[in-house]
1. So, Asp88, is that one at pLDDT below 95 and under 15 Å from Met28 (Cα atoms) or not?
2. Pick from Glu125, Glu96: which is touching a residue at least 40 places away in the same chain (Cβ under 8 Å) and either out of contact with any strand residue (DSSP E or B) (no Cβ under 7 Å at 6 or more places or on another chain) or hydroxyl-bearing (Ser, Thr, Tyr) (or both)?
3. Among the residues of the stretch 3-29, write down those that are within 16 Å of Glu102 (Cα to Cα) and either out of contact with any helix residue (DSSP H, G or I) (no Cβ under 9 Å at 6 or more places or on another chain) or open to solvent by less than 60 Å² (accessible area, probe 1.4 Å) (or both).
4. If a residue has to be outside any strand (DSSP E or B) and more than 21 Å from Glu53 (Cα to Cα) to count, how many in the stretch 69-90 make the cut?
5. What number goes with the only condition from (1) touching a residue at least 60 places away in the same chain (Cβ under 8 Å); (2) of a type outside the set (Gly, Ala, Ser); (3) within 22 Å of Gly14 (Cα to Cα); (4) part of a helix (DSSP H, G or I) that Gln110 does not pass?
6. Give me a count of the residues in the stretch 36-48 that are assigned to a strand (DSSP E or B) and buried (at least 17 other Cβ atoms within 10 Å of the Cβ).
7. All but one of (1) open to solvent by less than 70 Å² (accessible area, probe 1.4 Å); (2) over 17 Å from Lys9 (Cβ atoms); (3) modelled with pLDDT under 95 hold for Ala60; which doesn't?
8. Return yes when Val93 is assigned to a strand (DSSP E or B), surrounded by 15 or more Cβ atoms within 10 Å (Cβ to Cβ) and under 15 Å from the mean Cα position of the chain (by Cα) and no when it is not.
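The values are calculated or read from the model by the stated rules, or taken from the named source; none is laboratory data. Predicted model, so just to flag it, every value in this text is computed and none were measured. Here Cβ is always computed from backbone atoms with ideal geometry, including for glycine, and neighbour counts include all displayed protein chains. Side chains are part of the model used for accessible areas, which takes the heavy atoms of the whole protein and leaves out ligands, DNA and RNA. Shrake-Rupley method; radii C 1.70, N 1.55, O 1.52, S 1.80 Å.
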Amino acid sequence: MRMELRVCKHCHDGEHGNPEKTAVTRDMVRCAKRVREYKDLIGLDSLYITMVEEGEPGGAEALPAIVASIQDDQISLSDTQLVMEDDDGNMLVYPEPEDILEVLTRNIDQLSEQTRQDVTVELSEEGSEMLTR
């Protein structure tokens, strides 16, 4: 299985002036990095983390899937999404931050069952609240 997390670089760096979104975006990246570090324990082939910059189409670095929606009669491409591809080529795309964080933290839970090392990731208050909704 392969995974790719795509996030807005400006959200991650706190340049959009939305501290809640920055905190959650950083949580997603921290979780993805931890999963990538121990990916072999849960049978992942690879996990890519892509920072998308403003003006870029939000395109795939590794897995060719992009989420789009219609906003104000224009097509809008999602700059934050988690794409997963199984061994048969089937793809799952999670565009919602809540779902992305849920998937990544479940992967961390699986990791913790496979190792004695502490693989936990300290989530922000915003990320923790998002998971308890």
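1. No, not satisfied.
2. Glu125
3. Met3, Glu4, Leu5, Arg6, Val7, Ala23, Val24, Thr25, Asp27, Met28, Val29, listed by residue number.
4. 7
5. (3)
6. 1
7. Of the numbered conditions (1) open to solvent by less than 70 Å² (accessible area, probe 1.4 Å); (2) over 17 Å from Lys9 (Cβ atoms); (3) modelled with pLDDT under 95, the odd one out for Ala60 is (2).
8. It is true that Val93 is assigned to a strand (DSSP E or B), surrounded by 15 or more Cβ atoms within 10 Å (Cβ to Cβ) and under 15 Å from the mean Cα position of the chain (by Cα).
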